[in-house]
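K.L.:
Take a look at the following structure, please.
The values are calculated or read from the model by the stated rules, or taken from the named source; none is laboratory data. These numbers were taken from a predicted model, which means no experiment stands behind them. Glycine gets a Cβ as well: all are built from the backbone with ideal geometry, and neighbour counts include every protein chain shown. Keep in mind that these areas ignore ligands, DNA and RNA; they rest on the heavy atoms of the full protein, side chains included. Shrake-Rupley method; radii C 1.70, N 1.55, O 1.52, S 1.80 Å.
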Amino acid sequence: MTAMAEPEVGRARVRKEDERLITGRTRWTDNITLPGMVHMALLRSPTAHARITAMDTSAAKEMPGVIAVYTGDDLDPGGEVGMPNAWPITPDQKTPRRPMLAQGTVNFAGEAVAAVIARSAAEAEDALAEIDVDYEDLPVVLGLDNAVADGAPLVHEDMGTNKSAEWIFDSSQAGSGGDVQQAISSSDVVVTRRFRQQRLVPAFMEPRSVVVDPTAPQLTMWSATQVPHILKTMVAMTLGLPEHHVRVIAPDVGGGFGGKLAVTPEECAAVVVAQKLGKPVKWTESRSETMVSAHHGRDQMQDITISASRDGTITGLKVDLLADMGAYLGIVGGGVPVLGAFMFNAIYKIPAYRFSCTTVFTNTTLTDAYRGAGRPEATFAIERIMDELAAELGMDPMQLREKNWIAHDEFPYTTVSTLTYDSGNYEAATAKAMQLFDYDGLRREQAERRDRGDRVQLGIGISTFTEMCGLAPSRVLGSLDYGAGGWEHAAIRMLPTGKVEVVTGASPHGQGHETAWSQIVADQLGVGFDDIEILHGDTQSSHKGLDTYGSRSLTVGGIAVVKAAEKVIAKARKVAAHLMEASEDDLEFADGKFTVRGTDTSTAIQDIALAVFAAHDLPDGVEPTLDSEAVFDPENFSFPHGTHLCATEVDTETGQVRLRSYVCVDDIGKVINPLIVEGQMHGGLAQGIAQALYEEAVYDEFGTLTSGTFADYLVPSAMDLPSFTTDRTETAATSNPLGVKGVGEAGTIASTPAVVNAVVDAVRHRGVNDIEMPLSPMRVWRAVHKGDTAAGGPGAEAGGGLGSIDSAHGGAQ
Amino acid sequence: MIPAPFDYVAPSTVDEAVRALADAGEDAKVLAGGQSLLPVLRMRLAAPTTVVDLGKIGELKGVRDEGDAVVIGAMTTHYDVQRDPLVHDHALLLARATDTVADPQVRHRGTFGGSLAHADPAGDLLAPALALDAEMVIQGTGGRRTVSAAEFFQDFFTTSLAPEDILVEVRVPKHTGWTAHYEKFNRVAQAWSMVAVAATVRAEGGTVAEARIGLTNMASIPVRATAVEQALVGRSADAETIRAAAEHAAEGTSPTVDGNADVEYRQHLAKVLTGRAVEAAMAG
Ligand SMILES: Cc1cc2nc3c(=O)[nH]c(=O)nc-3n(C[C@H](O)[C@H](O)[C@H](O)COP(=O)(O)OP(=O)(O)OC[C@H]3O[C@@H](n4cnc5c(N)ncnc54)[C@H](O)[C@@H]3O)c2cc1C
């Protein structure tokens, strides 16, 4: 017997895609140049809410290189086209039409109002300045409380309200728990907080870009999107094109984080313009455009109440959310906060729960999915209030969590929000994390520093999180009125030379699917890692799929790959039996070979592939192909979890926060590639920490985004972050054959409350029990010295750098 | 983010550059390292008709010894300033401040002269230039003149440079043997200063013989913390003296308000950071 090859799954392979991505030897959408291609530039509204009373494009049309200038009415004379919202969260949801280019009114600063088409991108941009638009200002609606106040001015006059929908879950009605009001009124301890989830910018690295080629009967669209399949169907439906005449290609895409889970006005406008002109059209945005017009994330006001008995047993949880949708609903729209509804109860056994959410319009850029989408918000609120409850009870915050979490022998466990967690082991992850972190040692140091009255105080923050991912069981989506299913497709093509092409409906944009899928298939089929090519992102080769978001690619798409491989093997088994003149039942398949049990007669799968290609000698009735495809629809979500511990040093003189150490032990089930997992964790942590400390999209009172450049919107770099200690426990998911759970969002979801808890913990003895995010030095300083938790508020002006150039120049004009 | 069209000239001498600027009139702009100008052009906050690139003028680059002063060519990059032995020996404060500017990419392209001419109040090299009593050598259509740092900086992004003037070099009086520290406060590593304090001292024994302190971003122009300097000179530099002296740091400042800091917080930071800067400078 030969030794078994070392399994590919579990190996920390360097990613296949790295070389071309790092050296730039790939083709991004903006690199695509077609014969006769013209360029589109968009004029964007400088004002947040106004009626367009006149628009004169004649001078722009005379500019050098200009081919055409279009207004909203030019592209859509009937005013019928609106960008899709796939998730109407209630039957009576108010869904304003979001046109390609503004028609009649502009509803946020940055909304496109006209398109210039020119021979070069530079000429198109030059001509924008020549378009004359008259705006008649309308009252600007900003801020959730303002928008829902009685008599508030309206974003969409014709809707009669700024509220889009109200969505409620009540455990007493769902039969999954008790009545929360009763629980709260009969409890020993009640803690209430209002948390603000500031608005964030997804900040993907590659700006959005689209190229549309209308010169063949089948229109081809390249887009820097994370959802080519959804885009194809939605563009067809939105613009009334026959779906079979649309091909969408997402080439290599430089990040998305949910920000490219969208069907955008820019994409649709490019299609319409290309069709009008009969020429290929390219639009690539500048970073300044991304900041104001690509959707933002978060932006919620959370009123949360938790009740408990004196011994720390939680008795009830009540959440009332206001969620700022911006001026329109995006493709997921109100579904983002609804996804969070299932996660406020987190890892805890909570007997009564009520959640209500009102989605609200304001004159701002729309919000939609951003890494974690609803779940980071929920996790933040529950993990923050657990610390506040512990403080109120005088309990150690970890003890309080232990007292309430689901024990490892209680799985599967159906929560108060009706999800069934298949597996988990919070005790194991926590024990490992506490030890790596030296929890007791840090608590001692914290006490010493407090006693000495040190200038720099130490704080410890905990986040024991879980998330629902692997979106999603189609039936569950149906019950939530989501407009599509949650399955994923894969196909495997066995080539005559023994090489393998794997087609996936997931659409990577930086994650490393090519590597991970190759590892899975290498083990499944027993072929070499390098003999496998992963095809994705082109609706012509990958004809079916639901793309990449919600940590779904591996847990849904990866399982489809396994299922397709199983079918390949089943087909090959028939042929192998025939070729070796043995019974199928006598064949064993291992290491890429079928062996007749008890003999050394064997045939490699590559040989079978060649024999099937020749088709000279196949059993009767067997099709001459091993190629197979599968669609996997999960029966349940997956539930990664982890214990994150953060130590911060807070300079009480300046308010500056420094992360001293960060330990996380995550349980994401089985791991395909530990290096990719590590990368996802590090990036995820950075993004979650960024929400806690640095990032915020700030609007001034006119609705102008003042944090419109990276000089003012502070994305941290490695310089600002500590060296993370990441580790894992491995409790296999029981809901899929690989036992995998997903890791794409874990770091982002878990880290934000860990950091904020740590900062509050550092200065709690100074009377601080909350500080609004992001915890800027000024906010922390004010909280410590003035007892002001919302201090500093969102500033009206950006600070330093380009922002200050901006205001100085603005002032001089 | 494509700049508006402009003509481009790249003269090889300062005289030619001045002539090119004069010929092009009001709407010409000088290009040094481009680290501030290019974003401004790309965002179309400015649209000059002519851009005069100084990159090919050899005489504007480098550092030389001129007896009682170190002379730094306007086109010397941050990277070269950081590493220059003359700067290190005679104007250590400037080297320390330059270390904190942006990131390596920016420091390889951005120039000392460009930073001063740009006059962003949050820029890190203005306060050290002021504290060290630097003089700007300027060439315009009427020839060369020398302007003190105190006269040079006039307002937000405004200096005494006329449109056809070129900042040629900067004379920094030697502060040989002075220790120095630049205390920069910002929110992420690559960001501009919210507030920063440039401090350099000459110690004799444990006593402060001389002190020069400049504040970054505490007004529309860099500010000299004279009251702090006076409170330190002739005193032994113990923690209590430094703390008490630093209490004067906010005097005469008028900082702006932005999302990161209001006036009260900036003035508070100025005091705390001044104490820290002086302490670190004294420690060498
Ligand atoms: C990402 C980033 C981060 C940064 N962070 C910091 C920071 O932390 N601290 C800091 O201090 N700076 C920072 N900067 C700015 C940097 O220091 C620039 O180098 C500097 O502001 C301008 O220098 P420059 O040579 O690039 O000048 P340019 O951008 O070429 O020119 C700037 C202005 O000065 C004028 N000018 C330039 N040279 C002359 C001259 N010789 N005579 C007359 N006029 C002239 C130009 O016409 C223009 O108006 C940062 C820049 C970037 C891009």
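K.L.:
Tell me, what is the Rg over Rh of segment A:94-153, with Rh the Kirkwood radius over Cα pairs? Mind dumping the intermediate values first?
P.N.:
Values: Rg = 15.8 Å, Rh = 14.4 Å.
Looking at segment A:94-153, the ratio lands at 1.10.
K.L.:
Hey, another quick one. Expressed as a whole number of Å, what is the distance separating the alpha-carbon centroids of segment A:506-565 and segment B:227-270?
P.N.:
60
K.L.:
Taking the Cβ of B:V51 as the center, what net charge do the other residues with Cβ under 9 Å away carry, scoring Lys and Arg +1 and Asp and Glu -1?
P.N.:
-1
K.L.:
When Cβ neighbours within 10 Å are restricted to other protein chains, what is their mean count per residue of peptide A:772-781? Write out the running numbers ahead of the final one.
P.N.:
Working: counts 0, 0, 1, 0, 6, 8, 11, 1, 0, 6.
Counting Cβ atoms of other protein chains within 10 Å of each residue's Cβ and averaging gives 3.
K.L.:
Under a point-charge model restricted to the Cβ atoms of Lys and Arg (+1) and Asp and Glu (-1), what is the dipole moment magnitude of the protein assembly as shown relative to its Cα centre, in debye to the nearest 20? Provide the component values of the computation, followed by the final result.
P.N.:
Working: 91 positive and 146 negative charges, 172 e Å.
With only Lys, Arg, Asp and Glu charged at Cβ, the dipole is about 820 debye.
K.L.:
Given H placed on each backbone N at 1.01 Å, which residues far from A:V227 in sequence or on other chains put an amide H within less than 5 Å of it?
P.N.:
Correct list: A:A262.
K.L.:
Using θ = phi - 60° and the Karplus curve 6.51 cos²θ - 1.76 cosθ + 1.60, what whole-Hz ³J(HN,Hα) does each residue of segment B:127-137 get, with Gly and Pro shown as x?
P.N.:
Rounded to whole hertz, the list is 5, x, 4, 5, 4, 8, 6, 5, 10, 9, 9.
K.L.:
While we're looking at this one, here's another question. Please label the shape of segment B:14-100 as rounded, prolate or oblate, based on the square roots a ≥ b ≥ c of the eigenvalues of the alpha-carbon gyration tensor (a/c under 1.5 means rounded; beyond that, a/b larger than b/c means prolate, else oblate). Walk me through the numbers before you get to the answer.
P.N.:
Values: a/c = 3.38, a/b = 1.71, b/c = 1.97.
Oblate.
K.L.:
Sort B:167-173, A:334-340 for me by packing, meaning the mean count of neighbouring Cβ atoms within 10 Å per residue, highest on top. Before the final figure, lay out each step's value.
P.N.:
Details: B:167-173: 23.3, A:334-340: 27.4.
Descending packing order for the listed peptides: A:334-340, B:167-173.
K.L.:
With the Cα gyration tensor of chain A in hand, convert its eigenvalues to equivalent ellipsoid semi-axes via √(5λ) and list them largest first in whole Å.
P.N.:
Working: eigenvalues 360, 299, 110 Å².
Working from the Cα gyration tensor, I get semi-axes of 42, 39, 23 Å.
K.L.:
Ranked highest first by average number of other Cβ atoms within 10 Å, how do B:99-111, A:437-449 line up? Mind dumping the intermediate values first?
P.N.:
Numbers: B:99-111: 17.5, A:437-449: 14.8.
The packing order, highest mean first, is B:99-111, A:437-449.
K.L.:
In a solvent-free Debye calculation with one equal scatterer on each Cα, what is log10 I(q)/I(0) for chain B at q = 0.07, 0.12 Å⁻¹, listed in the order of the q values?
P.N.:
-0.25, -0.73
K.L.:
Between B:A24, B:V51, B:L41, whose Cα lies farthest towards the positive end of the dipole of segment B:20-62 when Lys and Arg beta carbons carry +1 and Asp and Glu beta carbons carry -1, centred on the Cα centre?
P.N.:
Positive-end residue among those listed: B:L41.
K.L.:
If you project the alpha carbons of segment A:514-616 onto their three principal axes, what span does each projection cover, largest first, in Å?
P.N.:
47, 27, 23
K.L.:
A further question on this structure: Return the whole-Å distance between the Cα centroid of segment A:620-664 and the Cα centroid of segment A:166-224.
P.N.:
Cα centroid to Cα centroid, the span is 18 Å.
K.L.:
Under the definition of partner shielding as Cβ atoms of other protein chains within 10 Å of a residue Cβ, what is the mean value for peptide B:44-52? Write down the numbers at each step before the final one.
P.N.:
Working: counts 5, 8, 2, 2, 0, 0, 0, 0, 0.
What the average comes to for B:44-52 is 2.
K.L.:
Return the average number of partner chain Cβ atoms within 10 angstrom of each residue Cβ along peptide B:187-199. Spell out each step's value before the answer.
P.N.:
Numbers: counts 13, 12, 6, 9, 10, 8, 3, 6, 1, 0, 0, 0, 0.
That works out to 5 on average.
K.L.:
Report ³J(HN,Hα) in whole Hz for each residue of segment A:11-25, in order, from the Karplus equation J = 6.51 cos²θ - 1.76 cosθ + 1.60 where θ = phi - 60°; Gly and Pro get x.
P.N.:
In residue order, the calculated couplings are 7, 7, 6, 5, 6, 3, 7, 4, 4, 6, 6, 6, 8, x, 8 Hz.
K.L.:
Follow-up. At a probe radius of 1.4 Å, figure out the B/A buried accessible area, summed over both chains, and give it in Å² to the nearest 100. The partial results should precede the final answer.
P.N.:
Details: alone 12570 and 29980 Å², together 39370 Å².
Buried surface at the B/A interface: approximately 3200 Å².
K.L.:
Something else about it: Taking the inverse of the average 1/r across all pairs of different Cα atoms in segment B:7-53, what Kirkwood radius in Å do you get? Provide the component values of the computation, followed by the final result.
P.N.:
Numbers: mean 1/r = 0.0927 Å⁻¹.
When all Cα pairs of segment B:7-53 are included, the Kirkwood radius is 10.8 Å.
K.L.:
Hey, another quick one. Quick one: which of A:K16/A:K282; A:K544/A:K567; A:K16/A:K571; A:K567/A:K593 span more than 20 angstrom between C-alpha atoms?
P.N.:
Working: A:K16/A:K282 29 Å; A:K544/A:K567 18 Å; A:K16/A:K571 29 Å; A:K567/A:K593 15 Å.
Among A:K16/A:K282; A:K544/A:K567; A:K16/A:K571; A:K567/A:K593, the Cα-Cα distance tops 20 Å for A:K16/A:K282; A:K16/A:K571.
K.L.:
At q = 0.10, 0.16, 0.19 Å⁻¹, what log₁₀ I(q)/I(0) does a Debye calculation on the Cα points of segment B:146-284 give, no solvent, two decimals?
P.N.:
The computed values of log10 I(q)/I(0) come out as -0.36, -0.87, -1.12.
K.L.:
How would you order A:702-708, B:44-50 from highest to lowest mean count of nearby Cβ atoms within 10 Å? Intermediate results must be reported in sequence, preceding the final value.
P.N.:
Values: A:702-708: 21.7, B:44-50: 16.3.
By packing density, highest mean first, the sequence is A:702-708, B:44-50.
K.L.:
Would you mind getting the Kirkwood hydrodynamic radius of segment A:66-194 from its Cα pairs, rounded to one decimal in Å? Present the calculation step by step, with values, prior to reporting the outcome.
P.N.:
Working: mean 1/r = 0.0519 Å⁻¹.
Hydrodynamic radius (Kirkwood, Cα pairs) of segment A:66-194 is 19.3 Å.
K.L.:
If one puts a single equal scatterer on every Cα of segment A:572-703 and applies the Debye formula without solvent, what log₁₀ I(q)/I(0) results at q = 0.13, 0.14, 0.19 Å⁻¹?
P.N.:
-0.79, -0.85, -1.09
K.L.:
Show the residues, 5+ positions off or on another chain, whose built amide H is closer than 5 Å to the amide H of A:I350.
P.N.:
For A:I350, whose amide H was placed from the backbone, the distant partners under 5 Å are A:V416.
K.L.:
So who's got an amide H within less than 5 Å of the one on A:F411, skipping anything under 5 residues away but keeping other chains? H placed 1.01 Å off N, in plane.
P.N.:
Under 5 Å from the amide H of A:F411 lies no amide H from a residue far enough along the sequence or on another chain.
K.L.:
Let me ask another. Enter the angle in degrees (range 0 to 90, nearest 10) between the Cα long axis of helix B:14-24 and the first principal axis of the Cα atoms of chain B, meaning the one along which they spread out most.
P.N.:
With both axes taken from Cα atoms, the answer is about 60 degrees.
K.L.:
When only C-alpha pairs under 8 Å and at least 6 residues apart count, what is the relative contact order of segment B:61-173, in percent? Can you show the working numbers first?
P.N.:
Working: 212 pairs, mean separation 32.8, N = 113.
Relative contact order, segment B:61-173: 29 percent.
K.L.:
Considering only protein heavy atoms, with the full assembly of protein chains and a 1.4 angstrom probe, order A:M63, A:M343 by accessible area, largest first.
P.N.:
Details: A:M63 50, A:M343 0 Å².
Of A:M63, A:M343, the descending order of accessible area is A:M63, A:M343.
K.L.:
For segment A:248-306 and segment A:345-393, compute the distance between their C-alpha centroids and round to whole Å.
P.N.:
26
K.L.:
Give me the mean projected area, in nm² to one decimal, of the convex hull enclosing the Cα positions of segment B:61-173. Don't skip to the end; give the middle numbers.
P.N.:
Working: hull surface 25.5 nm².
Averaging across all directions leaves 6.4 nm² for the Cα convex hull.
K.L.:
Taking just the C-alpha trace of segment A:454-599, give me its Rg and Dmax in Å.
P.N.:
Over segment A:454-599's Cα set, Rg and Dmax evaluate to 20.6, 82 Å.
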